[in-house]
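The next block holds one structure in the form of structure tokens; read it before the comments.
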Amino acid sequence: MPAIQCTGLCETPLGLLVHRWTSAGLYQVELCADPASPKIKAALEGPDSAATPEIEAFTNRIEQYFAGQLTTFVEIPIDESDWPPFFGQVYRACRQVESGQTISYQELARRAGRPAAARAVGQAMARNRIPIVIPCHRIVGSSGRLTGFSADGGIETKRWLLDRERSDSLFDIDR
């Protein structure tokens, strides 16, 4: 793991979002539903988030995303230093999936240039350390069924993110 230079926290409707940065860019995002999570304690003990333009842009984008505004994270620099080449192809293709849309693991494999690698795409998604920015919640089974999600809350968090992206307002919960 590269050296983490700064760590920040953002409040979201799903709990606290911890973001960690290296000199190359965003390294990790973790959604923590439990405010007593050891991940939050570790984040608070880590290096504080500096007010860099990249971190400010990320924080603004996260706030916009959870406020229900159509936003993108494509301009956020990401530290890809420890990704296997195939994972990099998959993650870059995943970042192109539009908000509120879903595609299958097989389709993502095709978009990543490896149409027969749907299972390997699933492994890459399971190891995604930057959820929301690399929107693995938008990748579903070939039948359209929601499958695993490693963030706190699992599939329910995945469903919440997709439901909110597809609605007029992220907070119109009584639909």
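Criterion applied to 9, 17, 26, 31 was being in contact (Cβ under 8 Å) with a residue 24 or more places away in the chain, over 20 Å from residue 126 (Cα atoms), within 16 Å of the chain's Cα centre (by Cα) and not in a helix (DSSP H, G or I), and the one residue passing it is 9.
Give region 21-63 a look and list any residue that's open to solvent by less than 30 Å² (accessible area, probe 1.4 Å) and at pLDDT 75 or above, or say none. Don't jump to the end; show me each part of the working.
Of all residues in region 21-63, those open to solvent by less than 30 Å² (accessible area, probe 1.4 Å) come to 21-22, 25-27, 29, 31-32, 37, 40, 43, 46, 55, 58, 62.
Those that are open to solvent by less than 30 Å² (accessible area, probe 1.4 Å) and at pLDDT 75 or above: 21, 22, 25, 26, 27, 29, 31, 32, 55, 58, 62.
The values are calculated or read from the model by the stated rules, or taken from the named source; none is laboratory data. All values reported here derive from a predicted model rather than from experimental measurement. Using ideal geometry, Cβ is built from the backbone for each residue, glycine included, and neighbour counts are taken over all protein chains shown. Accessible surface areas use protein heavy atoms only, side chains included; no ligands, DNA or RNA. Shrake-Rupley method; radii C 1.70, N 1.55, O 1.52, S 1.80 Å.
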